[in-house]
Each structure stands twice: as structure tokens, then as C-alpha cells.
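Everything below concerns the one structure shown next.
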Amino acid sequence: MLLEGRVIIVTGAALGLGRTYARRLASEGAKLTLADVADLAKTTSLCETEGAEVLPLRVDVSSEEDTLAMARQTHERFGRIDGLLNNAGITTRHGLEAKSLMDVDMGMWDRVFAVNTRGTFLGIRAVYPYMREQGSGTIVNVSSGSTLRISRAPDAINAQYVASKSAITGITRAVARELGQYNINVVTVAPGSTTSDTEEALSADEAYPEPEASLLRRGVPDDLAGVMAFLFTDDARFISGQMILVNGGREVW
């Protein structure tokens, strides 16, 4: 119960990795606000089964009104905000297709940046006043190992996604000093290749081979969930402004 009594907001919590992160934080004793535009019923049930107190909210992270309401309602319900996991994002799993330079639809480009980048920034702005007043907090922003990877095949070309995720690392670095004076940690986690939503039951022993990784396998959700939980504990209180790669050694930093 490393997070007992702590209040953490998880965006993009309805499906996939977001659900895995939320359930792990719940198992460590955190009280959770779950935020998503999709149905949160299953994630809520799983977290409550772990014994967590849960506040599910419909939130479009690209909306300043929604993110402000998310922070306000969390504080009203729990009395504090100890953590924010900025996980919401548009990926290939949400229908984002890899496109070569001249084929990128600029409407989709704007939507990807609205959710992935603007959403991350708005989430930080929403929780910041509460963390500043209480004198502590941790914000974890989810980027991607693809920001360090030179495209190796035509289907790896996805400038809109890679650019939006690169900007998240920049946001972390830009705000870490300003928030640090109030004892607020800001960290980027950059996952590597990870099994899909429908393959969450895979264990590390069952994961697909990944010949480009030092550990020779593809990641599974639990490989990331433990790192996320750790970053919200006191053991990580001196980590800020950094990008942490969780990728089995595929890219190194």
C-alpha cells in the first residue's frame, strides 16, 4: 500500500494502459479520479474491487473547462490532489494512421495536438493551484519512445504523433523548475513497444520477441504500471524534469 491515502487523477483511464495504470494505483491504496471521454464503468469496477475510492468523470482533456472541472471536483471530493497521470492521448489504437508527409490530414494533426499536447498542458494547469497550496504533488506525463527513434520502415512514419509526443517532453522540462519551488515533481515516462489493449493478459514470459530491444521482448502493461506507481511514492521525490524510458533497452537515453 505504497500510495495509501494519496489522491491521483488518471486521464485516459477507460481502456488499455490507462486502465492498467489505474488498477495498479488502486492496488497500492490510492484514491482515484478516473477521467475519459469513453465509458469508465469497467475501470471503475476493477479499481473498486482493489478497495479504492473512485470518482469517474467524463473529461475531454482538450477542453480547458473540462480539465478545470476535473481538478475542482477531485478536490471537492477528496480534499487534495497528490498526483496527476497525464495518460490521455490519440494513438494508432484510436484510428490514427501513419501518413507520409504530403498525406497528413491537417484536421487530424490539430486533433492529435489538441489531445496529446494541449491536453497534457491543460491538465497540469488545472491541478497546479491545488498542489501549490498544499506544497506537494507529482505530475507524470506520458510521451513515447518513438520520439527517439528514426523511422525504419514506411509504416513507422507518423509525424503528427511523434511531434505531439515530443512536445510533451518539452512541456515537462519547461515547467519542472517553475513547479519545483512548490515541491511539485514533473516527470515524463516514454514507453516503448507494448502489447495492445486486447493482449493485456500476456505475461512478460509470453510477450512477443523484440529483437531490437536489449531484453529481446516486447513490453507488457505491467512493465509500465510498476514504474507509474513508483513515481507517485516518496521514493521518487527527488526525480523531476526527467524523461524515463521503459522500453527494454530498445532506445537508450
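Per residue, segment 1-89 exposes 40 Å² of accessible surface when a 1.4 Å probe is rolled over the protein heavy atoms with every protein chain present. Close amide H contacts of N185 (hydrogens built in the peptide plane, cut-off under 5 Å, sequence separation of 5 or more or a different chain): G137, T138, I139.
At full extension, E4 and E64 could sit 18.6 nm farther apart than now, given 0.36 nm per residue minus the alpha carbon distance. Counting only lysines at least 8 places from K31 when in the same chain, those with an alpha carbon closer than 25 Å to its own are K42. Which lysines have a Cα less than 24 Å from the Cα of K99, not counting those fewer than 8 places away in the same chain? By straight Cα distance, K99 reaches K165. Hull volume per residue, based on the alpha-carbon atoms of segment 5-138 and their convex hull, is 99 Å³. Take the chain, connect every pair of alpha-carbon atoms lying under 10 Å apart with a spring to form a Gaussian network, then pick out the residue of N86, N158, N116 with the largest mean-square fluctuation. So, out of N86, N158, N116, the one fluctuating most is N158. For the residues T91, T44, T117, a GNM of the chain with alpha-carbon springs under 10 Å puts the largest fluctuation on T91. If both residues of a DSSP beta bridge must be in the chain, then about 5% of such bridges are antiparallel. To the nearest ten degrees, helix 221-231 and the longest principal axis of the Cα atoms of the chain are 40 degrees apart.
In the chain, Cα pairs under 8 Å separated by at least six residues give a relative contact order of 18 percent. Computed 3J(HN,Hα) for segment 168-175, one whole-Hz value per residue from the Karplus formula 6.51 cos²θ - 1.76 cosθ + 1.60 where θ = phi - 60°, is 5, 4, x, 4, 4, 5, 6, 9, glycine and proline marked x. For segment 46-53, backbone phi angles converted through the Karplus equation (6.51, -1.76, 1.60; θ = phi - 60°) give residue-by-residue couplings of 4, 5, 5, 4, 7, x, 7, 8 Hz, Gly and Pro being listed as x. Atom-type composition of the exposed protein surface of the chain places 51 percent of the accessible area on carbon and sulfur (1.4 angstrom probe). Scoring 5-18, 69-82 by mean Cβ neighbours within 10 Å over their residues and listing the highest first yields 5-18, 69-82.
The calculated P(r) of the chain, using every Cα pair and 10 Å bins from 0, goes 8, 32, 39, 18, 3, 0 in percent. May I ask you to work out the translational diffusion coefficient for segment 30-99 at 4 °C, viscosity 1.567 mPa s, via Stokes-Einstein with Rh from the Kirkwood sum over Cα pairs, reported in whole µm²/s? Taking Rh from Cα pairs, D becomes 97 µm²/s. Counting only DSSP H runs of at least 4 residues, each contributing -39500 (n - 2.57), and dividing by the residue count of the chain, the helix-based mean residue ellipticity at 222 nm comes to -11500 deg cm²/dmol. Each Lys and Arg Cβ is given +1 and each Asp and Glu Cβ -1; about its Cα centre, segment 51-180 then shows a dipole of about 380 debye.
Sparsely packed loop sites in segment 100-185 (the chymotrypsin sites (Phe, Trp or Tyr not before Pro) outside DSSP H, G, I, E and B with at most 16 other Cβ atoms within 10 Å) comprise Y182.
Scoring 222-231, 30-39, 209-218, 96-105 by mean Cβ neighbours within 10 Å over their residues and listing the highest first yields 30-39, 222-231, 209-218, 96-105.
The values are calculated or read from the model by the stated rules, or taken from the named source; none is laboratory data. These figures come from a predicted structure and were not determined experimentally. Counting neighbours? That spans all protein chains shown, and the Cβs are built from the backbone with ideal geometry, glycine included. Remember, those area values only see protein heavy atoms, side chains included, never the ligands or the DNA or RNA. Shrake-Rupley method; radii C 1.70, N 1.55, O 1.52, S 1.80 Å.
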